[in-house]
Each structure stands twice: as C-alpha cells, then as structure tokens.
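Below: one structure, written as structure tokens.
The values are calculated or read from the model by the stated rules, or taken from the named source; none is laboratory data. Because the structure is a prediction, the values reported are computed rather than measured. FYI the Cβ positions are ideal-geometry reconstructions off the backbone, even for glycines, and counts take in every protein chain you see. These area figures cover heavy atoms from the full protein model, side chains too; ligands, DNA and RNA do not enter into them. Shrake-Rupley method; radii C 1.70, N 1.55, O 1.52, S 1.80 Å.
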Protein chains: 2
Amino acid sequence: MSVLALKEIQDSLGAAKVRPKGHVPVRNWTDSSGKEPVEPLALVLPTTVEEISTILAICHRHAQPVVTQGGLTGLAGGAHPSGGEIAISLERMSGIEEIDPSSATLTALAGTPLQVIQDAAASASFICPIDLGARGSCTIGGNVATNAGGNQVLRYGMTRKSVLGLEVVLADGTVVRNLNKMIKNNAGYDWTQLFIGSEGTLGIITRVTLALQPMLHDIRGALIAVDSTTDAISLLRSLQRALPAGLLVFEAMWREFYEIATTTLGIEPPLECGHDLYLLVEAPSAAGLENALEDCLATLLESGSVRDGVVAKSEADRRRFWALRESVYEYHRHFPPGVGFDISLPLDLMNDAIAALRSQLPRAFPGAVWVAFGHLADSNIHLDVIPREMTPETYSEIERVVYDLTGSFKGSISAEHGIGQLKRRYLDRSRAAPELALMKTLKSTLDPSNMLNRGRVI
Amino acid sequence: MSVLALKEIQDSLGAAKVRPKGHVPVRNWTDSSGKEPVEPLALVLPTTVEEISTILAICHRHAQPVVTQGGLTGLAGGAHPSGGEIAISLERMSGIEEIDPSSATLTALAGTPLQVIQDAAASASFICPIDLGARGSCTIGGNVATNAGGNQVLRYGMTRKSVLGLEVVLADGTVVRNLNKMIKNNAGYDWTQLFIGSEGTLGIITRVTLALQPMLHDIRGALIAVDSTTDAISLLRSLQRALPAGLLVFEAMWREFYEIATTTLGIEPPLECGHDLYLLVEAPSAAGLENALEDCLATLLESGSVRDGVVAKSEADRRRFWALRESVYEYHRHFPPGVGFDISLPLDLMNDAIAALRSQLPRAFPGAVWVAFGHLADSNIHLDVIPREMTPETYSEIERVVYDLTGSFKGSISAEHGIGQLKRRYLDRSRAAPELALMKTLKSTLDPSNMLNRGRVI
C-alpha cells in the first residue's frame with residue numbers, strides 16, 4: 001500500500017518533488033525533540049496547496065500515514081517522523097502574499113519563516129505579535145499548528161489570538177479556506193479554532209492570515225528582586241494597574257536559577273544573590289511615560305513589596321538583564337543533559353507549587369541540580385532538572401514526579417511547546433476523561449483513518 | 001415521544017422546575033429578534049449542571065428538540081423557541097463562584113447577568129473585558145455562546161479572547177469541564193473553542209472562566225470629522241501608533257447618520273454637518289498622557305488628514321458625543337420600522353463598500369432612509385434601512401441586496417449578533433461550500449439527532 005501511494009504521488013507531482021527512503025536529507029529525520037533520528041518512507045516537497053490536496057487524497061485512499069514538517073524546531077516530537085510515514089515538508093511553500101495596512105493584517109504561506117514575517121510586518125510599521133527564540137527557523141504554519149507562545153504572550157496572547165484566517169487541507173484532500181481579515185466575524189462556527197494548536201493531527205495548515213499590532217518604541221526594562229512568588233504576582237498586578245500602556249515582559253528567575261547564572265556561569269549580578277525570586281520586567285515607554293516604571297518601582301521599594309530593583313539605563317543594561325534569563329541556553333557547556341519542562345500552573349497555586357518542587361525534587365533526586373524560570377505572568381514556568389546520573393529510568397521518574405505534581409496543582413503539562421509524541425502518555429494529568437473522549441471524537445471525525453501525525457497528541 | 005420525555009424530566013427534576021405548555025411565561029415565548037412569539041412545549045428551569053445533564057440525556061434518548069435560553073436579548077432568533085421544543089432556561093443557574101485576583105480570573109455560572117459580572121470584577125479592581133448594551137439582562141453563557149462583541153472589542157477582542165475555561169453539557173448529557181485559569185495551556189486540543197460562538201447548537205454552556213483586565217482610569221474622548229472612510233482608517237492607524245496605551249473606542253457615524261441625529265433627532269451638533277464621516281474616539285489617559293489625544297489631533301488637523309475635531313473637556317462633553325452615537329435607539333419614535341444589519345467588511349474594501357451602498361440603496365429602494373454607523377476599527381458596521389413602505393417582500397429584498405453586497409466585498413453577514421434563525425439562509429454569502437460542509441460535519445458529530453437549537457446557524 002505504501003509503495004502504491006508513493007508511486008501515485010510521484011506520478012502526480014513529478015519525481016523532483018519526492019525523495020524516497022535512502023534519499024531523504026538527514027535534516028528531515030528529526031525535529032528538535034532530541035528523539036533518535038528516523039528516516040521516513042519518503043519526503044515530499046510540494047509547492048502548492050493543490051499538490052498538498054493531491055498528496056493527502058492519495059494517502060487517504062491508501063490509509064498511508066503522513067507527518068507534516070515545517071521548521072523542525074518543535075520540542076515535543078510533533079514533526080519527528082516514524083519509519084512508515086511520508087513526511088510532507090512545507091519548506092517550498094514560503095512567501096508573504098499580502099500585507100494590508102488598512103486591515104493591519106498579513107497573509108503568508110504556511111512554510112514562511114517567522115523572522116521573514118516579523119521583518120515584513122516591521123517594514124510596514126507594524127509588529128508581528130508572535131515571537132520566539134526559534135524565529136529564524138520556525139515557520140508560521142508550525143507556530144499556528146502548535147499555538148506557539150514565546151516572548152510576547154503577556155501583551156498579545158498565544159498565537160491563537162493573532163490568527164484571523166486559515167487555509168487548511170483536510171485528511172481527504174479537501175481544501176477549506178477563509179483568509180478572513182476582519183476582527184469580527186460571527187458567520188457560523190469559527191472552524192479555524194479547531195486546527196490552531198492541534199499539532200497537525202486534524203489537517204495541514206497551508207495559509208495563515210495574522211492580525212498585526214502597532215509598532216512600539218522605547219522599551220524600558222528593570223530587574224526586580226522579591227521575597228516570594230506571591231509577592232511577584234502582587235507586583236505584576238500593581239504594575240499593570242499603574243502603567244496604562246501595559247507590560248511587555250514579566251519573566252521570573254527563581255533563586256536557584258539566579259545563583260547558577262551568577263556563579264557557575266559567571267554573569268556579573270546586577271542585584272545581589274539571596275533573594276527568593278528575580279523578575280525581568282519590560283514596559284513600553286512614550287512621551288510623558290519615560291519614568292513611569294522607575295516611579296512605580298521607587299514606590300514599591302519604599303513600601304517593602306519589592307526587596308531590590310534596578311532600571312536599565314541603557315540598551316547595554318537591558319542586554320545584561322536578558323543575559324541572565326538566557327543563561328539557561330549555556331547549561332550544556334557546564335552540566336550533563338537534564339530533563340526540561342514547559343508547564344503552566346494557576347497563579348493562585350504557584351507559590352505552593354514552587355514550594356512543593358523545592359521539597360520534593362531534592363528528596364526524590366538527591367544531588368540533582370534544578371532550576372525554575374519563565375513567563376510568570378502567563379502562568380508558564382520552565383524547569384530543568386539535572387540528576388546526578390541520568391538513566392532512562394531516572395528520566396521517566398523525573399517526568400513522572402513533575403507531571404504528577406503539575407496535575408495535583410491543576411496545572412498544564414504543556415504551556416506552549418505542545419504534546420507531540422513526548423508528553424502524550426501524561427496528557428491525563430491535565431485533562432479529565434470527558435475532555436480526552438471529546439478530543440478523540442474530534443480526531444476520529446476529521447481523520448477517520450488516523451493518517452495525520454499519528455501517535456501525536458491523542 | 002415528546003410527552004414521554006417531558007414526563008421523565010418532571011419525574012427527575014420535580015414538577016416545580018417544569019412549566020408545561022399552557023403555563024410557560026410569555027417572556028420565554030421569544031427572544032429579541034422580533035419574531036412572532038411561540039409557546040414552547042415546556043419550559044424547564046434547572047438549578048444545577050447535573051439537572052441539565054439529566055434533561056439532555058432524556059431528550060437525547062427521545063430525540064426531543066430543545067432550545068437554550070439565557071437573557072433572551074439575542075437579535076438573531078437563536079433562543080426564540082418553536083412549538084415542538086422544550087426550552088431550557090438558565091435563569092436559575094446564576095452566581096459568581098470565584099474571583100481569583102492572583103490569576104485575574106472570574107468563574108461564574110452561565111446564567112449570571114453580565115452586569116453582575118462587571119460589578120464583581122470592578123469590586124476586585126479589575127475590568128470585565130466584555131461589555132454591551134444589553135448588559136443588564138444578557139447572561140455570560142449567552143455572551144460566550146454567541147461570541148458577543150460590543151463596546152470594548154477594539155481593546156480586548158471578541159468574547160472568545162476572554163474565555164479561559166468552560167463547562168459544557170453535550171447533547172447526550174455528558175459534562176465536559178475545564179475551568180482553566182491559566183493564560184497558556186497547550187495540553188491537547190482546546191475543545192472550548194468549538195462551543196464559543198456556536199449559538200447553543202453544539203452543547204449547553206453551564207460555567208465560564210474569564211480573564212479579567214486591569215482597571216483603567218481617566219478615559220479621554222474626542223469627536224473627529226474626516227473626508228472619507230479611507231481617511232478614517234489612516235487616522236485609526238496613526239492614533240494607534242501615537243498612543244502607547246492604545247484606543248478604547250473608534251466608532252464611526254457616516255454623514256447620513258450624523259445628519260439625522262442633528263436634524264430629525266435635534267441633537268446639537270458638536271461639529272458642523274457636511275463632512276463625510278464622524279468618529280467618536282476614546283483613549284485611556286494617565287499621568288503624563290493627559291494631552292496625548294489632543295496633541296495628536298492638533299498635528300493631524302494641521303496636516304489636513306482630519307477636517308475638524310473637538311476633545312471632550314468634561315464628562316458632560318463625553319456624554320454629548322455618545323448621545324449622537326446612541327441616537328439610533330430613538331429611531332422608533334421618528335421612523336417606521338426598518339431592517340437592521342450587523343455586517344463586517346474588510347477595512348481595505350470598506351470605502352468602496354460604503355460607496356456601493358450609497359449608490360445601490362437609493363436606486364433599489366427609492367425614498368428609503370438609511371444610515372451606517374458602528375465599530376469601524378473592528379471592521380463592523382451597522383446599517384438601518386427604512387423603506388418608504390415595508391412589506392415582507394421589501395424586507396426580504398433589502399436583506400438580499402445588503403447581504404449580496406456584503407458577500408461581494410468579502411464581508412461577513414454577522415459581525416457580532418450571530419446567525420440564529422434569521423440569517424441562516426444567507427450564510428453562503430460569507431462562507432464557501434467546504435466551510436459549510438465542515439460546519440455540518442461538526443454539528444452532526446456533536447449533535448447527531450439535531451436536537452440542540454435545531455434550525456439555528458447551520
């Protein structure tokens with residue numbers, strides 16, 4: 001059956017667009033999940049939506065599983081192939097089709113890298129509301145398929161909130177398209193929502209229309225130390241009330257993280273060590289608002305709600321603050337591999353959840369190095385747990401301990417990276433049985449032969 | 001079958017919660033769509049989610065159609081009963097269950113009036129991001145079921161953007177619940193999206209968790225006259241770039257509307273008549289930003305991009321500007337009934353669409369009075385067309401002309417009110433065949449016996 005499907009695809013698209021097993025570039029054998037590379041049955045490189053429709057119609061007839069690949073930056077194994085799958089890469093479906101300054105929208109093919117979209121938006125004096133570290137490689141289709149989070153969620157929300165229109169190819173090859181540019185559209189069900197965040201399991205996203213945002217100028221930054229997670233959340237709400245232009249960034253680094261950054265990694269500490277939690281805060285400034293953050297901080301220091309704080313006086317200061325937050329990307333030079341997490345916790349329980357981690361992790365994994373940091377205002381924290389000795393059993397045990405704790409605090413096992421293949425077995429920690437049943441109903445309705453990204457998510 | 005279903009419901013809930021035909025209060029015979037009142041087969045008044053689950057399980061077994069009723073303020077006939085339906089009113093499922101100031105969330109039963117939610121949010125120093133004229137009567141469940149728009153969409157988006165968690169009862173009585181309070185949660189499909197804006201056709205929403213927003217102070221308002229819709233959109237983008245705290249309101253009144261307000265309705269004109277388009281603009285102010293709107297307006301006047309403008313010097317001024325916008329609610333005193341519309345148009349085509357309306361409406365309906373106004377920044381305009389003589393044929397013909405024109409400009413036949421029963425036949429003006437097919441697939445998957453709000457939307 002696989003051979004027949006592949007033959008039909010080659011006949012339809014031409015041999016130049018199909019790389020059979022033995023000729024698949026190594027790049028397409030894996031995503032960024034760290035899973036063992038696997039050569040798929042074939043790699044197909046369509047250049048049009050019609051070709052994707054043809055491929056899926058053929059695969060649907062033959063019940064041939066496919067995996068969709070974008071920038072291959074996913075961390076959960078969503079685009080990591082298995083040996084029986086045909087990989088469909090959208091890398092040749094790239095390009096911006098329209099920027100409409102009246103509507104403040106941008107429409108692009110799904111394979112367009114995020115950075116290209118950001119640059120195009122900026123050249124029209126807008127901001128692309130989606131931003132993440134992988135911007136140079138990740139594609140907008142992948143961002144939408146995973147409902148990507150990233151650096152600007154506090155202000156603009158997850159990717160879902162910026163999607164106005166989609167074009168999607170369903171499992172049977174049907175093309176469903178509504179490249180809506182309107183903020184308000186209640187004409188029937190908003191079917192696009194189904195595909196956002198479904199990690200390629202319900203259809204292949206081929207075109208995206210995004211809402212752009214007005215450009216911001218003069219970002220002001222500060223580093224602030226507080227006594228507890230509870231105080232950090234109070235600070236967040238105080239700043240939001242005090243600053244009419246809102247916040248851009250509210251990143252947390254708990255003391256374990258700050259200590260490693262300023263000792264093992266040797267970053268000069270802008271504030272002294274020993275506080276419980278350090279916050280990197282940024283807010284847009286403007287004529288008349290230059291000192292709003294500074295004034296607010298002075299008041300809070302006086303009242304004792306913050307322990308220490310420093311406002312960036314220059315772009316160099318701002319970069320120094322970010323160097324702390326980004327120190328985690330240097331861990332591989334200093335530590336053996338650990339287990340990384342991307343969890344959400346309700347803010348009213350986060351203080352207790354952090355305390356529980358602090359008590360449970362050293363007990364369960366004596367001598368392990370662990371750090372917590374992340375997008376606190378979005379309820380999203382990242383964890384890195386580096387045990388003294390890593391074995392497959394330790395890896396699983398660390399996962400189990402953290403996901404069980406996440407579940408017990410009503411958290412989410414994936415804040416932004418998605419479920420993919422890696423977290424599927426833990427999905428029940430964050431989802432009740434009726435939810436899982438409903439997800440399965442949706443999956444079997446839209447992909448009855450389970451051919452799209454099989455074994456991911458659900 | 002109906003008799004059996006009703007008997008079973010009475011046995012389960014007790015007679016006090018069931019009003020059979022002949023005893024259904026007249027209030028529940030209709031919503032606000034203007035359709036002829038119809039007494040439903042019965043009215044059921046559950047007080048718990050478990051009771052709603054029981055009712056639906058019984059109706060599902062008997063394939064008994066039901067209609068869900070909230071505040072009965074819908075304008076599209078979504079909650080308007082038919083004679084064979086059992087009406088399920090959520091009026092006794094009212095109350096706020098939690099306000100969490102750490103998470104900035106509020107959880108309420110679906111039958112809670114919007115005003116109650118707004119007041120509770122305000123008492124905790126937050127804003128409820130949803131606001132509309134019917135706030136005193138409409139319920140949060142209805143707001144979510146119709147993805148309500150209203151007065152704050154420019155800043156906070158449609159209702160969908162403020163929903164974090166839902167509890168829903170499916171057609172067969174299954175309760176699916178995730179009262180998520182986290183901004184980021186990518187643990188599997190976000191199934192809640194399906195029910196938002198589905199107008200009760202896929203399930204009954206019983207609980208809602210909303211994201212609240214920081215309170216704003218010192219709203220500044222201005223009335224501005226421009227030469228064209230194109231100039232209005234340029235002004236919108238200029239103001240968004242110039243005001244870091246963003247805009248709250250950007251309401252348009254085209255010249256026909258302004259003339260009627262200041263002549264027939266006798267409102268003293270704050271700006272002289274004769275300009276093409278008048279804009280009511282509001283922005284949050286703050287220390288250091290008091291004059292931002294005024295300064296921006298002065299620059300634009302000088303450059304010629306706006307024709308005239310006046311900034312509100314007092315709350316009385318602000319109310320005067322709003323009296324213009326709200327003059328439409330007085331039309332019933334001066335004009336016979338017309339046909340009201342709630343359409344969206346892409347902003348890049350809106351200038352041409354308004355020109356087309358100006359040319360087509362007087363030709364198709366000589367002597368008709370018509371006005372256009374609405375939430376321009378959200379791409380949403382409201383139309384009122386009052387023909388010289390109204391007949392059922394004229395009514396239909398006016399609908400046909402406006403919806404055909406809306407479709408030809410790639411607009412939406414419903415920006416915010418929904419499709420309900422009234423606009424169902426026109427849905428194809430805004431949706432292509434594959435979209436309609438996908439909507440039907442979702443409907444038949446979640447409600448295979450077509451018992452939920454039958455004959456609405458799809």
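Structural remarks
- For A:PHE373: the one exception among (1) open to solvent by less than 10 Å² (accessible area, probe 1.4 Å); (2) more than 14 Å from chain B (Cβ to nearest Cβ): (1)
- Annotation note: of B:GLY304, B:GLY274, the sole residue that is small (Gly, Ala, Ser), on the phi > 0 side of the Ramachandran plot and in contact with a helix residue (DSSP H, G or I) (Cβ under 9 Å, 6 or more places away or on another chain) is B:GLY274.
- Breaking point among (1) surrounded by fewer than 24 Cβ atoms within 10 Å (Cβ to Cβ); (2) within 12 Å of chain B (Cβ to nearest Cβ), for A:SER137: (2)
- Test: B:THR174 is within 30 Å of B:ARG61 (Cα to Cα), in contact with a strand residue (DSSP E or B) (Cβ under 7 Å, 6 or more places away or on another chain) and either surrounded by fewer than 20 Cβ atoms within 10 Å (Cβ to Cβ) or more than 8 Å from every other protein chain (Cβ to nearest Cβ) (or both): no
- Scanning segment B:302-337 for residues that are within 21 Å of B:LEU239 (Cβ to Cβ) and of a type in the set (Asp, Glu) returns B:GLU302, B:ASP308, B:ASP317.
- Residue count, segment A:213-225 (criterion: within 10 Å of chain B (Cβ to nearest Cβ) and either under 30 Å from B:MET158 (Cβ atoms) or buried (at least 21 other Cβ atoms within 10 Å of the Cβ) (or both)): 5
- Criterion violated by A:GLU91 - all others in (1) charged (D, E, K, R); (2) within 23 Å of A:LEU170 (Cβ to Cβ); (3) touching a Lys or Arg at 6+ places or on another chain (Cβ under 9 Å) satisfied: (3)
- Residue within segment B:347-363 that is under 23 Å from B:ARG241 (Cβ atoms), in contact with a strand residue (DSSP E or B) (Cβ under 7 Å, 6 or more places away or on another chain), touching a residue at least 12 places away in the same chain (Cβ under 8 Å) and open to solvent by less than 10 Å² (accessible area, probe 1.4 Å) present: no
- Selection status of B:ALA433, within 10 Å of chain A (Cβ to nearest Cβ) and touching a His at 6+ places or on another chain (Cβ under 8 Å): no
Let's see how each residue does on (1) in contact with a helix residue (DSSP H, G or I) (Cβ under 6 Å, 6 or more places away or on another chain); (2) surrounded by 24 or more Cβ atoms within 10 Å (Cβ to Cβ); (3) not small (Gly, Ala, Ser):
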{"site": "B:ASN143", "(1), (2), (3)": "yes, yes, yes"}
{"site": "B:LEU154", "(1), (2), (3)": "yes, no, yes"}
{"site": "B:TYR189", "(1), (2), (3)": "yes, yes, yes"}
{"site": "B:ASP227", "(1), (2), (3)": "no, no, yes"}
{"site": "B:ARG237", "(1), (2), (3)": "no, no, yes"}
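- Given (1) in contact with a strand residue (DSSP E or B) (Cβ under 8 Å, 6 or more places away or on another chain); (2) farther than 30 Å from A:ASN380 by Cα; (3) free of Cβ contacts under 8 Å to residues at least 40 places away in the same chain; (4) open to solvent by 20 Å² or more (accessible area, probe 1.4 Å), number of the condition B:VAL18 does not satisfy: (4)
- Hits in segment B:119-137 - residues which are over 27 Å from A:SER344 (Cβ atoms) and under 18 Å from the mean Cα position of the chain (by Cα): B:ASP131, B:LEU132, B:GLY133, B:ALA134, B:ARG135, B:GLY136, B:SER137
- Meets criteria (of a type in the set (A, V, I, L, M) and under 24 Å from the mean Cα position of the chain (by Cα)) for B:LEU293: no
- Hits in segment A:430-458 - residues which are of a type in the set (Lys, Arg), open to solvent by 30 Å² or more (accessible area, probe 1.4 Å) and not in a helix (DSSP H, G or I): A:ARG454
- Any hit, segment B:443-450, residues being at the interface with chain A (Cβ under 7 Å from one of its Cβ atoms) and farther than 23 Å from B:GLY74 by Cα: yes
- Residues that are within 12 Å of A:TRP254 (Cα to Cα) and open to solvent by less than 10 Å² (accessible area, probe 1.4 Å), drawn from segment A:376-385: A:LEU376, A:ILE381, A:LEU383
- Boolean, B:ARG388 is surrounded by fewer than 16 Cβ atoms within 10 Å (Cβ to Cβ), away from chain A (no Cβ under 14 Å) and in contact with a strand residue (DSSP E or B) (Cβ under 9 Å, 6 or more places away or on another chain): yes
- A residue that is more than 23 Å from B:LEU4 (Cα to Cα), free of Cβ contacts under 8 Å to residues at least 12 places away in the same chain and in contact with a helix residue (DSSP H, G or I) (Cβ under 6 Å, 6 or more places away or on another chain) cannot be found anywhere in segment B:69-83.
- Residue that is surrounded by the most Cβ atoms within 10 Å (Cβ to Cβ), among those in segment B:407-423 that are outside any loop (DSSP other than H, G, I, E, B) and more than 9 Å from every other protein chain (Cβ to nearest Cβ): B:GLY407
- A:PHE257 passes every criterion in (1) out of contact with any Gly (no Cβ under 8 Å at 6 or more places or on another chain); (2) open to solvent by 20 Å² or more (accessible area, probe 1.4 Å); (3) hydrophobic (A, V, I, L, M, F, W, C) apart from (2).
- Across segment A:145-171, the qualifying residues are those that are within 7 Å of chain B (Cβ to nearest Cβ) and assigned to a helix (DSSP H, G or I), and the one among them that is farthest from A:SER449 (Cα to Cα) is A:VAL153.
- Hits in segment A:65-89 - residues which are open to solvent by less than 10 Å² (accessible area, probe 1.4 Å) and closer than 18 Å to A:LEU166 by Cβ: A:ILE88
- Residue count for segment B:181-197, restricted to those that are closer than 20 Å to A:LYS440 by Cα and at the interface with another protein chain (Cβ under 8 Å from one of its Cβ atoms): 10
- Hits in segment B:92-134 - residues which are in contact with a helix residue (DSSP H, G or I) (Cβ under 8 Å, 6 or more places away or on another chain), β-branched (Val, Ile, Thr) and surrounded by fewer than 20 Cβ atoms within 10 Å (Cβ to Cβ): B:ILE96, B:ILE99, B:ILE127
- First in segment B:304-317 and of a type in the set (Asp, Glu), second anywhere and open to solvent by 50 Å² or more (accessible area, probe 1.4 Å), Cβ under 9 Å, 6 or more apart: B:ASP308/B:GLU272; B:ASP308/B:LEU301
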